[in-house]
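To start, the structure under review is shown below, and the notes come after it.
The values are calculated or read from the model by the stated rules, or taken from the named source; none is laboratory data. Not measured: the values here are computed from a predicted model. No Cβ is skipped: glycine too gets one built from the backbone with ideal geometry, and neighbour counts run over all protein chains shown. Protein only, heavy atoms only, side chains kept; ligands, DNA and RNA dropped before computing areas. Shrake-Rupley method; radii C 1.70, N 1.55, O 1.52, S 1.80 Å.
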Amino acid sequence: MCEYGSPEAFSDLFNCLNPQELGHTLARLSVDWSDRLKARLPEEVDDVIALDGKALRHSFSDATDRPPLHLVHAFATGTKVVLAQAKVDGTSNEITALPALLDLLDIQGRTVTLDAMQTQRETARALTDTGGAYICALKGNQKTLYEDVKLFLDDPDQASPITVSNPDVDTGHGRIETRTASVCHDIDWLHEHDGPALAAIGSVTAQRETRGKQRSETRSFIMNKKLTPEHLLRQVRSHWAIENALHWVLDVTMNEDYLRNRTGPGPENFAVMRKLALNLARLVVDKRTPSIRGRLKKAGWNHNYALKLISLAGLLPENGEVQKR
């Protein structure tokens, strides 16, 4: 038998839990947490839902020929709350996991951003059918559509009206970055591509200057909503919060890539628990401990502080005391 409180005991416990049910719990709780945090945001902040995947590098098993666990996350970019996660089949890719992830979300009236790999007609149709707006990046996996959109927006002589945003300049870390967005709503000529509810196309150009060297990159997008170029630029930029405020934190603060949970549903269940802890650390108001790392350490050191975090989930009274029965 495993000793109470030992790593083996915790591993056995998490291998017994149903990862689907635990994932549904995360999705149910996160809706309320995101709404509570949204009330603290300035009105100009766009709280879009970003979808992207991440692999847990050391969750593989050579003995059973098991590949690393790969998860797709739904992340509220304004409130920084993880809304849901879905497992990617080891023999497939992120596209097949998106329907299961979308089933956990209420995207009515929300904007969802996707990277180029997830840009598929079926995904765009599912988002449109559920009342959501999408901004999908284009690259080589949609080669014909990507080339047509890029050629059209790059042509200075074409007759269709293209609106361009004012430059958005960002400085820091020894670099100067200038971003502009272009949008066109007159896209009847794209009907042959059969994009679900396709309403506009756009591009974002980023020019970066570092140590006297300049580099320029342009990315193309399709949308099912007629956005202004300024709106497109803000929401495209907000998508990268899933990398900076979620994936980076999971790797650097929570050391996720080096964790060695490998058996059964344990890796997936532990991943859900990390998202729950991360959401709670963001939900608490603690000006004395502003960093996520500090709040998680404080919860590990201080039993009352840990109970305070749990009470924010609605699982305990607000005073953090366990009710006697």
The size of the Cβ-based charge dipole (Lys, Arg +1; Asp, Glu -1) of the stretch 1-133 about the Cα centre, to the nearest 20 debye, is 200
Under the helix-only model (-39500 (n - 2.57) for each DSSP H run of 4 or more, divided by the residues of the chain), the mean residue ellipticity at 222 nm, to 500 deg cm²/dmol, is -11000 deg cm²/dmol
Checking TYR146, TYR134, TYR258 against a Gaussian network model of the chain (alpha-carbon springs below 10 Å), the top fluctuating residue turns out to be TYR258
FRET efficiency for ASP170 and GLN20 from the Cβ-Cβ distance with R0 = 45 Å, rounded to 0.05, comes out at 0.65
The extension gain from ARG40 to ARG66, computed as 0.36 nm times the residue separation minus the Cα-Cα distance, is 5.1 nm
Ranked by GNM mean-square fluctuation in the chain (Cα springs under 10 Å), the top entry among ARG57, ARG28, ARG288 is ARG288
The chain, convex hull of Cα, quarter of hull surface, nm² -> 20.8
Surpassing 19 Å at the alpha-carbon level, of the pairs LYS80/LYS287; LYS287/LYS308; LYS87/LYS297; LYS275/LYS298; LYS87/LYS225; LYS54/LYS150, are LYS87/LYS297; LYS87/LYS225; LYS54/LYS150
Ranked output for segments 290-296, 185-191, 166-172, 93-99 by mean other Cβ atoms within 10 Å, highest leading, reads 93-99, 290-296, 185-191, 166-172
Once THR163 and VAL284 are pulled to full extension, the length gained, defined as 0.36 nm per residue separation minus their Cα-Cα distance, is 39.4 nm
The answer for the chain, accessible area per residue at 1.4 Å probe in Å², is 55
Taking 214-227, 69-82 and ranking on average Cβ neighbours within 10 Å, highest first, one gets 69-82, 214-227
Carbon and sulfur atoms account, in whole percent of the 1.4 Å probe accessible area of the chain, for 52
For the chain, the charge dipole (Cβ of Lys, Arg +1; Cβ of Asp, Glu -1; about the Cα centre) points to a positive end, and the Cα of HIS247, ALA50, TYR146 closest to that extreme belongs to HIS247
TM-like helix rule applied to the chain (DSSP H, alpha carbon span at least 24 Å on the long axis, mean Kyte-Doolittle at least -1.0) gives 19-38, 266-283
Ranked output for segments 112-124, 201-213 by mean other Cβ atoms within 10 Å, highest leading, reads 112-124, 201-213
Given unit charges at Cβ for Lys, Arg (+) and Asp, Glu (-), the dipole magnitude of the chain about its Cα centre in debye, nearest 20, is 1460
In nm, the gap between the two label points placed 7 Å beyond Cα toward Cβ at THR218 and ALA199 is 2.5
In nanometres, the difference between 0.36 nm per residue of separation and the alpha-carbon distance of ARG260 and GLU147 is 36.4 nm
